[in-house]
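Asker: Let me give you the structure first, and then I'll get to my questions.
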Amino acid sequence: MQNLQRYTTNIRNHYLNIYLDAIASFKSTHAQADVEALASVNGVEGQPEIFRWRRFDLVDQATQPPQIANFRPDTHVSFEPQSITWQKKMKVRLEPMAWNDVEFECSGLNMHKSQLEHWAIRWLDPQNKREVDNHGIGGRIHSVSFPQKKVNRQVFFVDFGSAPIQAFQELLQVLMLAETKKVRIRTARLRASEAEEEQASTS
């Protein structure tokens, strides 16, 4: 459990430091910069509305249409995959991940008992009730997708944005209470890039 918290804390801190630098740079060249701007995007009919909302990293409101600047860090925290049991019930496999692009692959997730929608509302903060700091961030996730069936698993993605580690831990609790037996957490593109680097180094 301690390893899980240590790795996720390092991953969040790594991302957030780069995000704060990006915010400062963007604000220096855009007078009407908006941070974590909220907007509704196209969704799937029948899905809860919260899954159609997202926060954009940086937006210049002075242009028409507004200029959106989402960024992807070039570096990430590297570590060997970790396996733990959450609350002695749910098996968790944590692989290298980027805080703004996390895939959750769940076995046994029962959406009829899931509080994922409530979790999303709490951390996406669609009513903008959370206080923001001097950088303009409010400890909020930027998006969460509705779980889709993939063979015998449910898969969804989360951009944790500026959310604290508490949001990640609460999500694990939500999944466990929804009867999830196993969850694999990762950013697939990171494993792909590592494989390409290894291949290049041996060629």
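The values are calculated or read from the model by the stated rules, or taken from the named source; none is laboratory data. As the structure is a computational prediction, the values presented were derived from the model and not from experiment. So basically every Cβ, Gly included, is an ideal-geometry build from the backbone, and we count neighbours across all protein chains shown.
Asker: In segment 29-75, which residues are charged (D, E, K, R) and more than 26 Å from residue 119 (Cα to Cα)?
Answerer: Going residue by residue through segment 29-75, those that are charged (D, E, K, R) are 34, 36, 45, 49, 52, 54-55, 57, 60, 72, 74.
Answer for segment 29-75, where residues must be charged (D, E, K, R) and more than 26 Å from residue 119 (Cα to Cα): 60, 74.
Asker: Next question. Under 6 Å between Cβ atoms, which residue pairs at least 6 apart in sequence (or on different chains) link something in segment 159-181 that is under 14 Å from residue 11 (Cβ atoms) with a partner that is of a type in the set (S, T, N, Q) and modelled with pLDDT of 95 or more?
Answerer: Sorted first by the residue in segment 159-181, then by its partner, the pairs are 159/100; 159/143; 165/8; 165/9; 168/8.
Asker: Quick one: would you say residue 29 is free of Cβ contacts under 8 Å to residues at least 24 places away in the same chain and farther than 25 Å from residue 120 by Cα? Break it down stepwise before answering.
Answerer: On the way: free of Cβ contacts under 8 Å to residues at least 24 places away in the same chain: yes; farther than 25 Å from residue 120 by Cα: yes.
Taking the combined requirement at face value, the residue satisfies it.
Asker: Collect the residues in segment 84-97 that are over 30 Å from residue 127 (Cα atoms) and either part of a loop (DSSP other than H, G, I, E, B) or β-branched (Val, Ile, Thr) (or both), keeping them in residue-number order. First the steps, then the outcome.
Answerer: Initial filter on segment 84-97 (over 30 Å from residue 127 (Cα atoms)): 84-96.
Once the filter is applied, which keeps residues that are over 30 Å from residue 127 (Cα atoms) and either part of a loop (DSSP other than H, G, I, E, B) or β-branched (Val, Ile, Thr) (or both), segment 84-97 yields 84, 85, 87, 88, 89, 92, 95, 96.
Asker: Among the candidates 56, 104, 71, single out the residue that is within 28 Å of residue 20 (Cβ to Cβ), out of contact with any helix residue (DSSP H, G or I) (no Cβ under 9 Å at 6 or more places or on another chain) and either modelled with pLDDT under 95 or outside any loop (DSSP other than H, G, I, E, B) (or both). Show your work before the answer.
Answerer: On the way: 104 fails: out of contact with any helix residue (DSSP H, G or I) (no Cβ under 9 Å at 6 or more places or on another chain); 71 fails: out of contact with any helix residue (DSSP H, G or I) (no Cβ under 9 Å at 6 or more places or on another chain).
Only one candidate qualifies: 56.
Asker: Let me ask something additional. Can you give me the number of residues within segment 74-83 that are in a strand (DSSP E or B) and surrounded by 14 or more Cβ atoms within 10 Å (Cβ to Cβ)? Spell out the reasoning first.
Answerer: Applying the first criterion (in a strand (DSSP E or B)) to segment 74-83 yields 82-83.
Remaining after also requiring surrounded by 14 or more Cβ atoms within 10 Å (Cβ to Cβ): 82.
Looking only at that region, the number is 1.
Asker: Give 141, 68 a once-over and let me know the one that is among the hydrophobic types (A, V, I, L, M, F, W, C) and surrounded by fewer than 15 Cβ atoms within 10 Å (Cβ to Cβ). Steps first, answer last, please.
Answerer: On the way: 141 fails: surrounded by fewer than 15 Cβ atoms within 10 Å (Cβ to Cβ).
Testing whether each residue is among the hydrophobic types (A, V, I, L, M, F, W, C) and surrounded by fewer than 15 Cβ atoms within 10 Å (Cβ to Cβ) leaves just 68.
Asker: Another question, if that's okay. Return the total of residues in segment 150-203 being part of a strand (DSSP E or B) and either touching a helix residue (DSSP H, G or I) at 6+ places or on another chain (Cβ under 6 Å) or at pLDDT 95 or above (or both).
Answerer: Initially, segment 150-203 is screened for residues part of a strand (DSSP E or B), giving 150, 153-159, 182-186.
Keeping just the survivors that are either touching a helix residue (DSSP H, G or I) at 6+ places or on another chain (Cβ under 6 Å) or at pLDDT 95 or above (or both) gives 153-159, 182-186.
Matching residues across segment 150-203 total 12.
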